[in-house]
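The values are calculated or read from the model by the stated rules, or taken from the named source; none is laboratory data. Remember, predicted model here, so these are calculated numbers, not experimental data. Reconstructed Cβ throughout: ideal geometry from the backbone, glycine too, with neighbour counts over all protein chains shown. Surface accessibility is based on the protein's heavy atoms, side chains included, excluding ligands, DNA and RNA. Shrake-Rupley method; radii C 1.70, N 1.55, O 1.52, S 1.80 Å.
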Amino acid sequence: MSAELDKAFARAKARGEGALVAYAMAGDPDLPRSVDVFAAMVEGGADVLEIGVAFSDPIADGPVIQAASERALKAGATLRRVLDEVVPEVRRRCPETPLVIMTYVNVVMAMGEERYAKLARERGIVGTILPDLPPEESAGIRAAFDKEGVDLVPLCAPTTPPARAEAIARDARGFVYCVSVAGVTGMRAELPPDLSQRLDLVKRAASVPVVAGFGISNAETARPLVAHADGVVVGSALVKAAHADGPAAAKQLCADIKRGLKR
Amino acid sequence: MTTDTAVGRFGRYGGRYVPETLVPALLELEEAYAKAQKDASFGEEVTRVLREYVGRPTTLTPAHRLTEAWGGAQVWLKREDLAHTGAHKINNTVGQVLLARRMGKKRIIAETGAGQHGVATATACALFGLPCEVFMGALDVERQALNVFRMRALGAVVRPVESGSRTLKDAMNEAMRVWVSQVQDTYYVIGSAAGPHPYPTIVRDFQSVIGREIRAQTLATIGRLPDAIIACVGGGSNAIGALHPFIPDTAVRLVGVEAAGHGLESGQHGASLTLGTEGVLHGSRSLVLQDEHGQIQEAHSISAGLDYPGVGPELAHLAKTGRMEVRTATDDDALAAFYEVARTEGILPALETSHAFAAARSLARDMGKGKHLVINCSGRGDKDVATISARGVPPATGVKS
């Protein structure tokens, strides 16, 4: 696993906090202003940045991120431009924060997985999340990423049977992304009661940090998870805040969630 | 020759590119389907419903006047338009809804473009008493009012999808999103031979009844297999159903016809086999219309059923390996063919099917006399009359005004 990710999770742990993996859509509302959102989230306390790269047909995403994808595509966001124009600038402004790309497999395939991995490493990306690439289909892409030292972060779902979840966790790179609810990205009023058990199971098997994501939108939804996970991913709530009220709102929300992540 | 190269793969194409949440459901479906295939009673039940309710076998009609007009091969029409609900789509929905019932699923969801698959799913759900929701692009809801009414009349809920291009691909995205949220008790009936494994195989198997009947019927009427079979290709369920049983018969030419829309050079078409590049859409790797950045492009066709930027993975494999020849027909070609078939054979073909007819004329001429050409008449044109009549109807033939 990448030393940068390792350090970021260790720093949060040393402070007695769960880590906050904060997601925003690159290119929403446009490329330069999305950089401001990422930087603001780090000021608010984000430990890892998840940089969304828009795809025209985002089947794993709920309405908030779907709408953000459409805005980003209209603004001309492409994987190439995100790597050339957004990532280096975020890196410059937040040199300590590990950067992870989240997009769909077709976007990476269109660039070529080897070319992507090389370019991503050169620009300072340490990991990549592809929500429509289950383990059965990931061998080739993962080998290409491994070669460049870019972690292919696997996902684990509420519907994943225990033995499969353990295998995914054992074999993970970067961190394990535990999807909290059977559904698409988006805020939820409450999370399933068995989530903590599933996180415990994955945590026992994993040699890398374990984070919970989907449906977490504030300190209250994050708080119960810190006992069972190394951190949380927050996406839709941040995208919504940044879209409605700009970078300062995303910063404020990050700070609020970080308070909920204190152990 | 078989097209299966690994589980769920057709050469380079196929696979299962979906969120992890869905993988266990797809594994469950794969296992349930394998068990059902081994259970003779399941196959018998599907066959019985197809016979007693759908009206199978559909006839193989000799098209005497088209044969004469085209002056080439003897033309035969495989009459899927005569199946209940007016298209081949019912072959698959009967099979899948029976499979869903066998798996103990409580509700059915589906996506639809032109509405034929939605109507066929709603029909099977009514027949077997399961609640049904159909996702349909908001633009298609406007274009296909008759089929929207039919689905509602059959007791289904039609959910217009406002995202993206508001057509079939967006309906499919939305159906997948809803399925992810309700995967425990919900069965997703996919209508094209596309989507994640095992759907391309399941849909192909249920639709292969078309090709098996063509085989038996040509053996009975002409004493041998046909020389060529032609079918239109959107996602490709009618094509793979008609063509698949003939893949090992290399003397039989297999021909697929895609929508060239306003013309291949216009950028507004649905020709993913002809101009698509390798990519992942809706859970499988196949040929898709996309830009250099991997963003899926909007397809265009006068026919809502061919207005899809992807194609089933097995057809992509057949096209790339050369086993299937691929031709195209424009919107205008399809409209001209619609009237030609209407006035020559007394059949109003669906606009999808009209593309197959448009390309069949030159194929029949190339083949020449003494050869036999089967056109898969995938559906009837009633659903398209508003679209077609809006362009004006040519004057009556052979009548003095």
- [ ] Using a Gaussian network model of chain A whose springs link C-alpha atoms within less than 10 Å, name the residue from A:M41, A:M25, A:M187 with the highest mean-square fluctuation.
- [x] A:M187
Task: In segment B:138-200, GluC sites (Glu not before Pro) in a DSSP loop with at most 14 other beta-carbon atoms within 10 Å - done: B:E162
Open item on the list: As a test, work out the antiparallel percent of DSSP beta bridges whose residues both lie in segment A:3-260, rounded to the nearest 5.
Closed with: 0 percent
TODO: Return the long-range amide H neighbours of B:E258 (sequence gap of 5 or more, or a different chain), with a cut-off of under 5 Å between placed amide H atoms.
DONE: B:V233, B:R327, B:T328, B:A329
Open item on the list: What is the distance in Å between the Cα centroid of segment A:1-18 and that of segment B:134-209?
Closed with: 44 Å
Task: Phi to ³J(HN,Hα) by Karplus 6.51 cos²θ - 1.76 cosθ + 1.60 over segment B:331-344, Hz, x for Gly, Pro - done: 3, 5, 4, 5, 5, 4, 5, 4, 5, 4, 5, 4, 8, 9
- [ ] Please go through segment A:60-156 and write out the GluC sites (Glu not before Pro) that DSSP classes as loop and that have at most 13 other C-beta atoms within 10 Å.
- [x] A:E96
Task: For segment A:3-260, with +1 on Lys and Arg beta carbons and -1 on Asp and Glu, the positive-most of A:I59, A:A144, A:S196 along the dipole - done: A:S196
TODO: Over the protein assembly as shown, give the accessible area per residue in Å² for a 1.4 Å probe, as an integer.
DONE: 35 Å²
TODO: Compare the Cα positions of B:G72, B:M136, B:L98 along the charge dipole of segment B:44-151 (+1 at Cβ of Lys, Arg; -1 at Cβ of Asp, Glu; about the Cα centre) and return the one farthest towards the positive end.
DONE: B:L98
Task: Charge dipole (debye, nearest 20) of segment A:182-263; +1 at Cβ of Lys and Arg, -1 at Cβ of Asp and Glu - done: 220 debye
Task: Residue with peak Gaussian network fluctuation, chain A [Cα springs, cutoff 10 Å], from A:T160, A:T221, A:T185 - done: A:T160
TODO: Excluding residues fewer than 8 places away in the same chain, name every one of the lysines whose C-alpha is closer than 30 Å to that of B:K89.
DONE: B:K35, B:K38, B:K78, B:K105, B:K106, B:K169, B:K320, B:K371, B:K383
- [ ] Can you send over the carbon and sulfur percentage of the accessible area for segment A:3-260, probe radius 1.4 Å, protein chains only?
- [x] 52 percent
Open item on the list: Tell me the total accessible area that A and B bury against each other, 1.4 angstrom probe, in square angstrom rounded to 100.
Closed with: 2700 Å²
Task: Mean projection area, nm², convex hull over Cα of chain A - done: 11.6 nm²
TODO: Please turn the phi angles of segment A:139-153 into ³J(HN,Hα) values with the Karplus equation 6.51 cos²θ - 1.76 cosθ + 1.60 (θ = phi - 60°), one per residue in order, whole Hz, x for glycine and proline.
DONE: 3, x, 5, 5, 4, 5, 5, 4, 4, 9, x, 9, 6, 8, 7
Task: Carbon + sulfur, % of accessible area of chain B - ligands and nucleic acids excluded, 1.4 Å - done: 52 percent
TODO: Report the charge-dipole magnitude of chain B in Debye, nearest 20, computed about the Cα centre from +1 at each Lys and Arg Cβ and -1 at each Asp and Glu Cβ.
DONE: 1020 debye
Open item on the list: Loop by DSSP (not H, G, I, E, B), at most 11 other beta-carbon atoms within 10 Å: where is the longest site-free stretch of chain B for trypsin sites (Lys or Arg not before Pro)?
Closed with: B:1-223
Task: Whole-Hz couplings from phi, Karplus 6.51/-1.76/1.60, listed for segment A:242-257; x for Gly and Pro - done: 5, 5, 6, 10, x, x, 4, 5, 5, 4, 4, 5, 4, 4, 5, 5
Open item on the list: For chain B, set up a GNM with springs between Cα atoms under 10 Å and report which of B:P131, B:P313, B:P200 has the largest fluctuation.
Closed with: B:P131
Open item on the list: Using the Cα centre of segment A:3-260 as origin and beta-carbon charges of +1 (Lys, Arg) and -1 (Asp, Glu), tell me which of A:H243, A:A14, A:G174 is placed farthest towards the positive end of the dipole.
Closed with: A:A14
TODO: Could you tell me which Cys residues in chain B have no other cysteine's Cβ under 4.7 Å from their own Cβ, answering none if every one has a partner?
DONE: B:C232, B:C377
- [ ] Only bridges with both residues in chain B count here: give the DSSP antiparallel percent, nearest 5.
- [x] 30 percent
TODO: Mind putting a number on the dipole of segment A:3-260 about its Cα centre? Charges go on the C-beta only, +1 for Lys and Arg and -1 for Asp and Glu, and I need it in Debye to the nearest 20.
DONE: 440 debye
- [ ] Using only the Cα atoms, work out Rg/Rh for chain B, with Rh taken as the Kirkwood radius, to two decimals.
- [x] 0.94
TODO: Could you tell me the distance between the Cα centroids of segment B:337-401 and segment B:6-58, to the nearest Å?
DONE: 33 Å
